[in-house]
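The values are calculated or read from the model by the stated rules, or taken from the named source; none is laboratory data. As the structure is a prediction and not an experimental result, all values here were calculated from the model. Neighbour counts are summed over all protein chains in view; Cβ atoms, including those assigned to glycine, are modelled from backbone coordinates with ideal geometry.
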Amino acid sequence: MHRSLTLLVLALTSATSLLAAEPPDLTVRLVAPLELADFTVVGAITPAGAQRLMKEKIKLGSPDADAYEFLMVPADPKSKDPKAAEQRIRVENVEQYLAAMKRGAYPMTTFDIAMDGWAVRPTAVLKFVSRSIESKRTRLPERLLPALPVEILGAEGPAAAKALKADTAKGKTLGDYQQAGKLKGSADLILWFPI
């Protein structure tokens, strides 16, 4: 049985970027580990890092070497060759999986469908992260700021995490951050997070 799609929390802003003059590179924080064949990714990754991970071998739910041959590519309908038939292809990483999908590949058997489920998860996660861009604003109504804890911002790095943990323990909210000038709200209820 394949695992459900990992939920990602996009670090739209972090405690570090709220306080820093220079914004750090965009990072996306994984809320669940991303298992690949040779290692597991935990924590935060960048879009460029996700692109590199697309070349790494994915982990499937079977130890069999031929388990990576779980997709069928349909025969070319334009082919004049009467022997042209569907072809089973080997897919070992996210790049190959995406290319196979563009060619119309699909899983044929129940086993193939199960293996496809293992490929879908890292593909969705890495495709999402690789296309992520930093948010410049949010449409969060200002009236909600006093109710939202600062811990929803996330933190990059140990110093920022420590400061955020301390503010969370004190019960600080986004409203407190706004009053302190760490968040700026506009009259039309759009918040800008200083970058």
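Considering each of VAL150, VAL120, VAL129 in turn, give the residue that is touching a strand residue (DSSP E or B) at 6+ places or on another chain (Cβ under 7 Å), modelled with pLDDT of 85 or more and not small (Gly, Ala, Ser). Step through it out loud before you land on a result.
Working: VAL150 fails: modelled with pLDDT of 85 or more; VAL120 fails: touching a strand residue (DSSP E or B) at 6+ places or on another chain (Cβ under 7 Å).
Selected residue: VAL129, the only one of VAL150, VAL120, VAL129 that is touching a strand residue (DSSP E or B) at 6+ places or on another chain (Cβ under 7 Å), modelled with pLDDT of 85 or more and not small (Gly, Ala, Ser).
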- Message: All but one of (1) over 28 Å from the mean Cα position of the chain (by Cα); (2) of a type in the set (D, E, K, R); (3) surrounded by 13 or more Cβ atoms within 10 Å (Cβ to Cβ) hold for LYS59; state the number of the condition that does not hold.
- Response: (1)
- Query: Only one of these conditions is not met by MET72: (1) touching a strand residue (DSSP E or B) at 6+ places or on another chain (Cβ under 6 Å); (2) outside any strand (DSSP E or B). Which number is it?
  - Reply: (2)
- Item | Selection within the range 121-171 - touching a Ser or Thr at 6+ places or on another chain (Cβ under 7 Å), surrounded by 15 or more Cβ atoms within 10 Å (Cβ to Cβ) and not in a helix (DSSP H, G or I) | GLY154, ALA155, GLU156
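Okay, residues lined up against (1) out of contact with any Gly (no Cβ under 6 Å at 6 or more places or on another chain); (2) surrounded by fewer than 17 Cβ atoms within 10 Å (Cβ to Cβ); (3) at pLDDT below 95:
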residue	(1), (2), (3)
GLU86	yes, yes, yes
VAL91	yes, no, no
VAL94	yes, no, no
ALA99	yes, yes, no
ARG103	yes, yes, yes
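Here's the yes/no breakdown for (1) polar (S, T, N, Q); (2) part of a loop (DSSP other than H, G, I, E, B); (3) more than 25 Å from GLU134 (Cα to Cα):
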residue: ARG52; (1), (2), (3): no, no, no
residue: SER62; (1), (2), (3): yes, yes, yes
residue: LYS78; (1), (2), (3): no, yes, yes
residue: ARG88; (1), (2), (3): no, no, yes
residue: GLU95; (1), (2), (3): no, no, no
residue: ALA100; (1), (2), (3): no, no, yes
residue: PHE111; (1), (2), (3): no, no, yes
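Quick check on this structure: which one of LYS55, LYS78 is at pLDDT 95 or above, outside the structural domain of ALA159 (by TED's automatic domain parsing) and more than 30 Å from LEU140 (Cβ to Cβ)? Walk me through how you get there before you give the answer.
Details: LYS78 fails: at pLDDT 95 or above.
Residue meeting the stated conditions: LYS55.
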- Note on the structure: Exactly one of ALA166, ALA119, ALA147, ALA159 is more than 27 Å from VAL42 (Cα to Cα) and of a type in the set (A, V, I, L, M, F, W, C), and that one is ALA147
- Tabulated pairs, the range 71-90, first among the basic types (Lys, Arg), second surrounded by 10 or more Cβ atoms within 10 Å (Cβ to Cβ), C-beta under 6 angstrom, 6+ apart or interchain: ARG88/GLU69; ARG88/MET72; ARG90/TYR68; ARG90/GLU69
